[in-house]
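Asks: I'd like to ask some things about the structure below.
Please treat every number below as a calculation from the coordinates, not as lab data. The structure displayed is predicted, hence computed values, not measured ones. When we count neighbours, we look across all protein chains shown, and the Cβ atoms used for this are built from the backbone with ideal geometry, even at glycine.
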Amino acid sequence: MEDESKEIIKKLAIKNAIDYGKADYKAVFSKAIARLPNAKNEIKALSEIVKEIVERVNLLSKEELEKEYSKYQKEFEEQEKKKVEESKPKLYLPGAEEGNFVTRFPPEPSGYMHIGHAKVAYLEREFANIYKGKIFLYFDDTNPEKESQEYVDAFKRDLDWLGIKFDDEYYASDNLEKIYGYAKELIKKGKAYVCTCHPDIIKRNRFNGVACLHREHSIEDNLELFDQMLEGKFGEGEAVLRFMGDLKSKNTVMRDPTLIRIKKTPHYRQGGKYILWPTYDMNTPIMDSIHGITDVIRSKEYELRTELDLAILDALNLRKPRIHHEARLVIKNIPTQKRVINKLIKEGIVSGYDDPRLVTIAALRRRGIKPEAIKKFVLRFGMSRAESNMEIGMLLDENRKIIDSSAKRLFAVVDPVGVEVQGIEKYHVKLRMHPTTDMGYREYDVSNKLYISNSDAEKLIEGKRVRLKDLYNIEIIETKENKIIGKYIGNEAINAEKIQWVDAERNVSISLIYPKPLLINGEINKESLEIKKALAEATVEKIKKDEIIQFERIGFFKLDDEQRKEFIEL
C-alpha cells in the first residue's frame with residue numbers, strides 16, 4: 001500500500017486515540033475504508049496495515065501522542081469546521097419574506113417545557129434571524145383549570161437557559177375583552193350561536209353531523225344569551241358559544257366547534273375576573289392576526305384545524321398569516337405528554353419534572369446536557385413534515401462532542417476488586433487533568449495496594465501481563481475470589497491491555513446513576529434507573545456540584561449531589 005495511504009491511516013489512528021484515550025481498530029478501519037475507496041479491493045491488506053498502525057499508536061506515551069497530534073491539529077480542526085458547516089440544516093419557509101416576518105412561540109403554561117418545545121422555539125428563532133424579522137413569546141393561557149404562574153416562570157427560565165431571545169411578550173388572558181368583542185361580531189354576522197345542549201349530546205350530534213335546535217336561534221336571541229353567559233347566569237357546561245360551520249364536512253373540526261365555554265375556576269393571572277374562556281380555535285387565530293403574526297409554525301397534528309382558523313378569520317375580515325406545518329419531535333421510549341409525565345410523578349415512578357430520565361428542559365439541564373447540544377440536535381433535519389422519532393443517544397452524542405474538551409479526567413472503578421503489587425512499595429504519579437486541554441495535573445503517591453473493576457479482574461489469569469494505566473506494568477501471580485496478587489515488572493511501554501485503577505489508601509465511595517428508557521414497548525420500564533457503586537480517586541473531592549467530568553473508560557458524568565457523591569451519566 002502507498003505511503004500516502006498509510007499516512008492517512010496514521011492520522012485517523014492518532015485522532016481516534018486523542019478523542020478516546022486509545023485508538024480503536026474497528027473505528028479506524030471503517031474510517032479508512034471511507035477515506036480510501038480504492039482500498040476496498042485490498043481489504044485483507046488494509047486490515048493488516050490498520051491493525052499494525054493502531055497497535056503502534058497505542059504504544060505511544062501521552063507526550064509522544066500529543067506531539068504527533070500537533071502535526072495534524074490544524075488539519076483536523078479545518079475538517080471539523082467544514083463538517084459542522086455542511087451539517088447545518090437548510091431552513092426555508094415557503095412564502096416567507098425578508099423584512100416582513102413575525103412569528104410567535106405559543107406555549108400553554110400547563111406543564112414544563114420539553115425538547116419538543118425547544119425544537120419549535122429554536123426553529124422559529126432561526127427563521128426570524130434568516131428573514132430579518134421578529135419572534136414573540138405568546139402564552140396561550142385560557143384554561144384556568146390547568147395553568148399556573150409556576151409553569152410560566154419555568155418556561156421563561158428554560159428559554160433563557162437555551163439562549164432564545166424574544167422581541168416581545170404577551171398573554172392570551174390579557175386580551176379576553178377583545179375576544180368577547182369578536183365573539184359578538186361573529187354572532188351578528190350569523191357565524192356563531194349559543195348552544196345549551198348537554199356536552200354529551202353536542203359530542204354525539206357533531207359525530208353524526210346533526211344540528212341542534214339552538215342553531216335556529218335569531219341573532220338577537222344569541223346576543224342576549226351570550227350576555228347572560230358573561231353575567232354568570234349559566235353554570236359550567238350549561239352553555240357554550242359554537243361556530244356556525246358545516247355539519248356535513250368530512251373534516252369533523254368544521255362541525256360547529258365550541259369557541260367559548262364557561263370555567264369558574266380562578267385564573268392564575270386574572271383571578272376571578274373572567275368566567276368565559278375561549279378555546280384554542282377561537283383564541284389563537286385572532287391573537288395571531290391582531291398581533292401582526294405573518295408566519296405560524298405549528299405541529300402537523302393541528303393541520304385539520306387550519307381550515308377552521310382561516311374560516312374564523314374570514315368571517316371576521318381579519319388578516320390571515322401563512323401557516324406552516326412541522327412534524328412533532330418524538331424521543332423513542334421517553335414520554336413528553338403532560339398527562340403521562342404527571343401520572344409518572346404522581347405514582348412515584350419519576351421524582352419530578354427534572355428527573356434525568358425525562359426530556360423536559362429541566363431534566364436535560366440537571367443531567368448535564370448543554371443548550372448547544374439541544375439546538376444542534378433539534379435542528380439537524382431542519383423544517384420537516386416527516387415524523388421525527390429520535391433516539392436519546394443522538395442527543396447524548398452531540399453533547400459529548402461539546403463537553404469533551406472541557407471535562408476533567410479522573411479514575412474510578414466499578415465493583416472494586418483488590419490488587420496487591422509485590423516488588424514495589426510506593427510510586428509517585430503526576431497525571432494530567434485532560435489529555436489535550438491544559439487543565440493542570442493531580443499529583444500524589446500511590447501505595448502497592450490498589451482496586452480495579454471486577455470486569456477487568458475477571459479477565460486476569462496467572463502469568464498475564466497488564467499495564468495499570470499511567471502507572472506501571474504488572475504480571476499476575478495469583479488470582480483469588482476477592483483479591484489479586486501481581487508483581488511489579490517496570491514502567492516502560494509494553495504492548496499489553498491497559499487497566500483502570502484507584503489507590504486503596506486514597507479513594508472516595510461514589511454512586512453512578514444511569515438513566516435508562518422509561519418505556520419499553522409502551523410499558524413502564526421498572527429498571528429505568530440503574531445505580532452502581534464505585535470507588536473514585538480522592539481528587540473527586542474537589543469536584544463541585546453540576547461539574548461535568550469523565551471517569552476514564554467508564555463515561556461522562558455530572559455531579560448531581562455533592563454531599564452524597566452521586567454522579568449522573570451523560
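Asks: With both partners inside the range 408-569, how many of the DSSP beta bridges are antiparallel, as a percent to the nearest 5? Intermediate results must be reported in sequence, preceding the final value.
Replies: Details: 45 of 59 bridges.
Taking every DSSP beta bridge with both residues in the range 408-569, the antiparallel ones total about 75 percent.
Asks: Compactness ratio of the range 332-403: Cα Rg over 2.2 N^0.38 Å, N = residue count? Please report the intermediate quantities before stating the final value.
Replies: Values: Rg = 13.1 Å, N = 72, 2.2 N^0.38 = 11.2 Å.
Normalised by 2.2 N^0.38 Å, the Cα Rg of the range 332-403 equals 1.18.
Asks: Next question, about the same structure. Return a whole-number percent for the relative contact order of the chain, with Cα pairs under 8 Å and 6 or more residues apart as the contact set. Each step should come with its number before you reach the end.
Replies: Details: 1003 pairs, mean separation 62.7, N = 570.
Here the relative contact order equals 11 percent.
Asks: What is the gain in length, in nm to one decimal, between I345 and I290 on full extension, counting 0.36 nm per residue of separation less the C-alpha to C-alpha distance? The partial results should precede the final answer.
Replies: On the way: separation 55, 0.36 × 55 = 19.80 nm, distance 3.87 nm.
Contour length minus the Cα-Cα distance gives 15.9 nm.
Asks: Among the aspartates and glutamates, select those whose C-alpha is under 15 Å from the C-alpha of K62, and discard any that sit fewer than 8 residues away in the same chain.
Replies: Partners found: D19, D438, D470, E492, E552.
Asks: Using the Cα atoms as the points, what is the convex hull volume per residue of the range 495-570 in Å³?
Replies: Values: hull volume 9.5 nm³, N = 76.
Expressed per residue, the convex hull around the Cα atoms of the range 495-570 is 125 Å³.
Asks: Something else about it: May I ask for log10 I(q)/I(0) of the range 35-153 at q = 0.15, 0.17, 0.23 Å⁻¹, from a Debye sum over the Cα atoms as equal point scatterers with solvent left out?
Replies: For the range 35-153 at q = 0.15, 0.17, 0.23 Å⁻¹, log10 I(q)/I(0) is -0.86, -0.98, -1.27.
Asks: How far apart, in nm, are two points set 7 Å out from the Cα along the Cα-to-Cβ line at K426 and at E307?
Replies: Label at K426, label at E307, 8.4 nm between them.
Asks: Mind ranking 556-565, 250-259 by how tightly packed they are, going by the mean number of other C-beta atoms within 10 angstrom, highest first?
Replies: Values: 556-565: 16.5, 250-259: 18.0.
For the peptides 556-565, 250-259, the packing ranking is 250-259, 556-565.
Asks: Next question. What's the FRET efficiency of I8 with A493 using the Cβ-Cβ distance as r and R₀ = 22 Å, to the nearest 0.05? List each step's numbers first, then the result.
Replies: Details: r = 25 Å, r/R0 = 1.12.
Once the sixth-power term is evaluated, E becomes 0.35.
Asks: Shifting gears a bit: Could you work out the relative contact order of the range 167-326? I mean the mean sequence separation of Cα pairs under 8 Å and 6+ apart, divided by the number of residues, in percent. Before the final figure, lay out the partial values.
Replies: Values: 214 pairs, mean separation 32.8, N = 160.
Dividing the mean separation by the residue count of the range 167-326 yields 20 percent.
Asks: Could you order peptides 100-109, 29-38 by the average number of other Cβ atoms within 10 Å of their residues, highest first? Don't skip to the end; give the middle numbers.
Replies: Details: 100-109: 21.7, 29-38: 14.6.
With the highest mean Cβ count within 10 Å placed first, the list reads 100-109, 29-38.
Asks: For E547, list long-range residues whose amide hydrogen, built 1.01 Å from N in the peptide plane, is under 5 Å from its own amide hydrogen.
Replies: Here L559 satisfy the definition.
Asks: Right, here's the next one. Take each of the peptides 227-236, 502-511, average the number of other beta-carbon atoms within 10 Å over its residues, and list them starting from the highest. Don't skip to the answer; put the middle values down first.
Replies: Values: 227-236: 13.8, 502-511: 17.5.
The densest-packed peptide leads the list: 502-511, 227-236.
Asks: For K83, go through the lysines and keep the ones whose alpha-carbon is under 16 Å away, minus same-chain ones fewer than eight residues off.
Replies: K15, K31, K74, K376, K401
Asks: Another question, then. Need one number: the % of Cα-Cα pairs in the chain sitting beyond the 33 Å mark. Please report the intermediate quantities before stating the final value.
Replies: Numbers: 93707 of 162165 pairs.
In whole percent, the share of Cα-Cα pairs in the chain beyond 33 Å is 58.
Asks: Determine the alpha carbon to alpha carbon distance for each of K11/K516; K165/K375; K346/K375 and list only those over 25 Å. Walk me through the numbers before you get to the answer.
Replies: Details: K11/K516 36 Å; K165/K375 14 Å; K346/K375 31 Å.
In this structure, K11/K516; K346/K375 lie more than 25 Å apart at Cα.
Asks: Turning to a different aspect of this structure: Between E169 and E527, how high is the FRET efficiency from 1/(1 + (r/R0)^6) when r is the Cβ-Cβ distance and R₀ = 30 Å? Nearest 0.05. Intermediate values should be presented prior to the final figure.
Replies: Numbers: r = 43 Å, r/R0 = 1.43.
Using R0 = 30 Å, I get an efficiency of 0.10.
Asks: May I ask you to evaluate 6.51 cos²θ - 1.76 cosθ + 1.60, the Karplus curve with θ = phi - 60°, for each residue of the range 274-290 and list the ³J(HN,Hα) values in order in whole Hz, giving x for glycine and proline?
Replies: 10, 10, 9, 10, x, 7, 3, 5, 7, 6, 5, x, 5, 4, 4, 5, 6
Asks: Which length gain, in nm to one decimal place, applies between D227 and R385 when the Cα-Cα distance is subtracted from 0.36 nm times their residue separation? Show your work: numbers first, answer last.
Replies: Numbers: separation 158, 0.36 × 158 = 56.88 nm, distance 4.28 nm.
Gain on stretching D227 to R385: 52.6 nm.
Asks: To continue, here is another question. Need one number: nm distance between label points at K81 and E48, each 7 Å from Cα along Cα→Cβ, rounded to one decimal.
Replies: The answer from the label model is 4.0 nm.
Asks: Let me ask something else about it. Give me D for the range 419-550 in µm² s⁻¹, whole number, from Stokes-Einstein with Rh from the Kirkwood sum over alpha-carbon pairs, 25 °C and 0.890 mPa s. Walk me through the intermediate numbers first.
Replies: Details: Rh = 17.0 Å.
D = 145 µm²/s.
Asks: So, one more: Sorted from largest to smallest, which semi-axis lengths in Å does the alpha carbon gyration tensor of the range 167-326 give for its equivalent ellipsoid, taking the root of 5 times each eigenvalue?
Replies: Numbers: eigenvalues 113, 86, 42 Å².
Semi-axes from the Cα gyration tensor: 24, 21, 15 Å.
Asks: Per DSSP H run of n ≥ 4, the term is -39500 (n - 2.57); total these for the chain, divide by its residue number, and report the mean residue ellipticity at 222 nm rounded to 500 deg cm²/dmol. Walk me through the numbers on the way to the answer.
Replies: Numbers: 16 runs with 198 residues, N = 570.
For the chain, the value works out to -11000 deg cm²/dmol.
Asks: With both partners inside the chain, how many of the DSSP beta bridges are antiparallel, as a percent to the nearest 5? Numbers along the way, then the final one.
Replies: Numbers: 58 of 88 bridges.
Percent antiparallel among DSSP bridges in the chain is about 65.
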